[in-house]
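Let me begin by presenting the structure, written as structure tokens, before commenting on it.
The values are calculated or read from the model by the stated rules, or taken from the named source; none is laboratory data. Because the structure is a prediction, the values reported are computed rather than measured. Every residue, glycine as well, gets a Cβ built from its backbone with ideal geometry; the counts of neighbours run over all protein chains shown.
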Amino acid sequence: MSTLNPMDARTSMGRPPDVLASDPMSPFGTGLVREIDEQALDLREEIPPTPLFEGIVGSSGAISRVLAQVMKVAPSDATVLITGESGTGKELIARAIHKRSRRSRAPFTRMNCAATPPSLIAAELFGYEKGAFTGANQRHAGRFEVANHGTFFLDEVAEIPSETQVALLRVLQEREFERVGGTQSIPFDVRVIAATNRDLGTAVQSGQFRLDLFYRLNVFPIHVPPLRERPEDILPLARHFIDRCNTKLSKAIRRIDRRTAQRLEAHDWPGNIRELQNLIERAVILSDSDTLVVQNAWLRADSDPIPSLRLSIVNQQREAIAVALAQSRGRVSGPQGAAAKLGMPRTTLESKIKSLRIDKGRYRREASGCPSTL
Ligand SMILES: Nc1ncnc2c1ncn2[C@@H]1O[C@H](COP(=O)(O)OP(=O)(O)OP(=O)(O)O)[C@@H](O)[C@H]1O
Ligand SMILES: [Mg+2]
């Protein structure tokens, strides 16, 4: 019998924990079982598995809204643009759309534009003819050709160089392409799903991404929220990854240490679900008992380097822009303007000022108030 007060022992899932003292499989004596019971959540009892929707775990309002959009758009042939931070599950969502579409029996072809050298992206997308460039020893089918009748997942679409953006727009509008070095127009029947973890609106403003291509891709936008905005999904996801690691690594983790559960729920997960997945795998590998324990230091170590680097770059940019605006008395354009001083296009600086929330009017006001100091 457990001495726990069920109210104290309730978890975020709202269920009292399993009473382990009666577990004949337990390697512990009864007293020790009670102690561990107070510190651990039983996976089967307290974190029931969420029904999987095409491998997607989660029942928070945020992910449910995304899945409702997936259900709506999948049967149509509309182009979808999936946005969201790295590791939020954009590819999983793209695959779910494919599986729920009439193209599900045809291939799901994927290309990661960030992993392909910019100069080779056009050849990868559209293929090339023999002799099109040095090293093109034979005709090569591009991803559009391979994906025919299926779904083409264009991942990290913001990384496509501008000259290829023009070609891609034309191909998407005309539904036919030419291989690099070729003259024959090849019709295709492909549903395109694009994804990016960058803010395409800002990329458009700064001239890095074509507005017309953005509109062409953004027919049906789906935003996948970061894990920190759906904390209810953290423990069900943890359970899902523990189950998978148990099978993969022949382990038998059945509980999560209570403080570990609190830590997981409190962490802000800058690497999102991928970070949680990797952390669980590490913890399962290191575990010698049937209870999963995650050290606080692992969470801090995982989340520190990138955000702090990002923060220092942002601060440096903010400082450089502030200095230039002060010297130009708040003027952005013109030969004496801040953009010229920083050596960047006016539109790029305008969008940076906006995204960094810099009050450029302040520099104008300061200039008119104390002109002698400038
Ligand atoms: N809701 C979920 N349920 C189960 N597993 C998930 C879920 N979301 C993501 N994952 C898993 O997390 C990992 C990262 O997901 P995915 O590759 O889809 O993210 P992404 O948004 O495409 O990331 P990136 O921008 O870095 O490419 C994958 O292993 C995926 O299977
Ligand atoms: Mg991805």
Any residue in the stretch 319-337 that's surrounded by 13 or more Cβ atoms within 10 Å (Cβ to Cβ): show its pairings with residues that are part of a helix (DSSP H, G or I) and among the β-branched types (Val, Ile, Thr) at Cβ separation under 9 Å, as long as the two are six or more apart or on different chains. ILE321/ILE353; LEU325/ILE353; VAL332/ILE353
Whether any residue in the stretch 265-275 is crowded, with 16+ Cβ neighbours inside 10 Å, in contact with a Pro (Cβ under 9 Å, 6 or more places away or on another chain) and at pLDDT below 95 is what I want to check. yes
Cβ-Cβ under 7 Å, sequence separation 6+ or interchain: first residue in the stretch 181-200 and over 30 Å from GLU85 (Cα atoms), partner polar (S, T, N, Q). Which pairs? PHE188/ASN148
Quick test for you: out of SER101, SER59, SER64, SER119, pick the one residue that is away from ligand 2 (no atom under 16 Å from the Cβ), surrounded by fewer than 17 Cβ atoms within 10 Å (Cβ to Cβ) and in a loop (DSSP other than H, G, I, E, B). SER59
Residues of the stretch 104-116 that turn out to be part of a loop (DSSP other than H, G, I, E, B) and either of a type outside the set (A, V, I, L, M) or surrounded by fewer than 17 Cβ atoms within 10 Å (Cβ to Cβ) (or both), as a count: 7
